[in-house]
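Following: one structure in structure tokens, then a few remarks.
The values are calculated or read from the model by the stated rules, or taken from the named source; none is laboratory data. Predicted, not measured: the structure shown is a model, and the values here were computed from it. Cβ coordinates were reconstructed from backbone atoms using ideal geometry, including for glycine residues, and neighbour counts include every protein chain displayed.
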Amino acid sequence: MADTYRENRKNELRRRVVDTDRLLEQEKNRKHEDRVVKGPHRILVFLLILIIILVMVAAGYYFLHRQYQSFTVNWTSDFTAEEGAVESDYEDYQIYGEGLLKVTRDGATYINSAGKVIWNQAYEMNNPYVTVNGDYCAIGDQGKTTIFIMNTSGTTGQAETNLPINKLSVSETGVVYALLEDSAASYITVFTREGAALDISIKSILDGDGYPVDISVSPDGTELIASFAYIEAGSIQNKIIFYNLDEIGQNAGNNRVVGGFTDDFTGHLAGRVHFSDNTHAQAFYDGGIAFFSTKVLTSPELLNKVEIPDTIRSITYSGDYVGAITLNSDENVSAAYNMTIYRVNGQTVFSVPVSFNVTGFDIDNGMVFLYNDKNLRVYDMRGNIKYDGSLDRPVSKVKAVTKSAGPFGMDILVGSSGFMESVKLK
């Protein structure tokens, strides 16, 4: 009986003993089957990921280089239909705030990107001279003595000068610099945004210092660049002068001059100067563009001098960019013009030939606009054409509503004679 019990117990233990060799063989077979199954699976997953990446790259390339083919008009403001509207023989638009500033001899109107009139400022001027910087603008009657100062909320002040106005320049804080002149001298006078005259005046004798051609104030209102023309040895010469109207300028002498450049412009005339930001300024002359740095307030520096042998037909600037359109003298290129966009330090962003006669040239929100009558061409900052076609009305000014050209189109504001439109390029 005991023997039988022991035998049964042995058999039970044998059944419970793990067959290691059999399990190892089963595990080996299972791993082999997994490799057989997972091998193609991994390849399929890899191919799927690769396809997704390629599709994303292709879609990105398409949207980046996509050219809009058509447009729709979102809304139209008809100024001619307004009650009491009078047809003006002078109408100008400026990119301003979130929309456009419409200027006539009878007044100025600020219209935002939704087509809403934010303010109207009535006046009577023979030759309105407009300067814009950030949220501020100033309009003076050139050759007269009245200046209106506005921000995007409305009129902040009115100034009266004691001499005729030649040029104006406004800062982002609303401080206005007025270039005034009489028969013997020119004067730079400064006004607050409320129109009060500050105790700052810079006098230049025409016979000695030269004739002031243009001025521009830095956004913070503390620095000024001016171009002066003068006669030397029977020929016209040019000099670029930097002023500091802050405490540093007070220590520089009565005229607050902190820098000057003469030899760089021998035989040339700089007809336009501009402050892009608080540390970068440019002088546009018949022969090129000079790029300056005022990072060291007491010693402005000539960063770059881009020589342009061909005639400059048009210039524009906005934010971080400066643009020039020139005649094309290269006989191997059929296009009559060439457009080059620079950064504010003189570095070239892109340069392309232009085949049509440009009458308008704007940079806004990182987009470049060329136009002539109803024709409009839009470039991005890679030099890609985003739109090349016509609109319903002649174009006087273009503003980009969005900061870049989106995959499904871009909205622009178009100022036209008697009208303003919101247009979607798509």
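When the stretch 398-426 is limited to residues that are under 25 Å from Tyr342 (Cβ atoms) and among the hydroxyl-bearing types (Ser, Thr, Tyr), the one that is surrounded by the fewest Cβ atoms within 10 Å (Cβ to Cβ) turns out to be Ser404.
This table checks each residue for (1) of a type in the set (Gly, Ala, Ser); (2) at pLDDT below 95; (3) under 24 Å from the mean Cα position of the chain (by Cα).
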position	(1), (2), (3)
Asn127	no, no, no
Cys137	no, no, yes
Thr145	no, no, no
Asn151	no, no, yes
Gln158	no, no, no
Lys167	no, no, yes
Ser171	yes, no, yes
Ala197	yes, no, no
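Looking at Ser201, is it more than 18 Å from His274 (Cα to Cα), without any contact (Cβ under 8 Å) to a residue 40 or more places away in the chain, of a type in the set (S, T, N, Q) and surrounded by fewer than 16 Cβ atoms within 10 Å (Cβ to Cβ)? For Ser201, the condition - more than 18 Å from His274 (Cα to Cα), without any contact (Cβ under 8 Å) to a residue 40 or more places away in the chain, of a type in the set (S, T, N, Q) and surrounded by fewer than 16 Cβ atoms within 10 Å (Cβ to Cβ) - is met. One residue stands out among those in the stretch 258-285 that are charged (D, E, K, R) and either modelled with pLDDT under 95 or farther than 13 Å from Ile225 by Cβ (or both): the one that is nearest to the chain's Cα centre (by Cα), which is Asp264.
Considering the stretch 286-307, and only residues there that are in contact with a helix residue (DSSP H, G or I) (Cβ under 8 Å, 6 or more places away or on another chain) and among the hydrophobic types (A, V, I, L, M, F, W, C), the residue that is farthest from Phe228 (Cα to Cα) turns out to be Leu297. Of all positions in the stretch 398-406, at least one carries a residue that is among the charged types (D, E, K, R) and assigned to a loop (DSSP other than H, G, I, E, B).
From the residues in the stretch 176-198 that are among the β-branched types (Val, Ile, Thr) and within 19 Å of Ala281 (Cα to Cα), which one is surrounded by the most Cβ atoms within 10 Å (Cβ to Cβ)?
Start the filter on the stretch 176-198 by keeping residues that are among the β-branched types (Val, Ile, Thr), which leaves 176, 188-190, 192.
Next cut, within 19 Å of Ala281 (Cα to Cα) only: 176, 188.
Values: Val176: 28, Ile188: 24.
In this case the residue turns out to be Val176.
Residues being part of a strand (DSSP E or B), within 25 Å of Asp135 (Cβ to Cβ) and charged (D, E, K, R) are represented in the stretch 207-217 by at least one member. Applying the criterion of being at pLDDT below 95 and within 24 Å of Gly134 (Cβ to Cβ) to the residues of the stretch 296-319, the residue that is surrounded by the fewest Cβ atoms within 10 Å (Cβ to Cβ) is Gly319.
Here the stretch 369-397 is the region considered, the condition is being in contact with a Ser or Thr (Cβ under 8 Å, 6 or more places away or on another chain), polar (S, T, N, Q) and assigned to a strand (DSSP E or B), and the residue that is surrounded by the fewest Cβ atoms within 10 Å (Cβ to Cβ) is Asn372. For first residues located in the stretch 364-389 and more than 15 Å from Tyr68 (Cα to Cα), partners that are part of a strand (DSSP E or B) and hydroxyl-bearing (Ser, Thr, Tyr) and lie 6+ apart or on another chain with Cβ distances below 7 Å form the pairs Asp364/Ser318; Lys374/Ser390.
Of these, Ser216, Ser235, which one is polar (S, T, N, Q) and farther than 24 Å from Thr145 by Cβ? One residue alone meets the criteria, Ser235. When Thr72 is tested against (1) at pLDDT below 90; (2) over 25 Å from Phe191 (Cβ atoms), just one condition goes unmet, and that condition is (1). Selection of the stretch 220-239 for residues being among the β-branched types (Val, Ile, Thr) and either closer than 27 Å to Thr192 by Cβ or modelled with pLDDT under 85 (or both) yields Thr222, Ile225.
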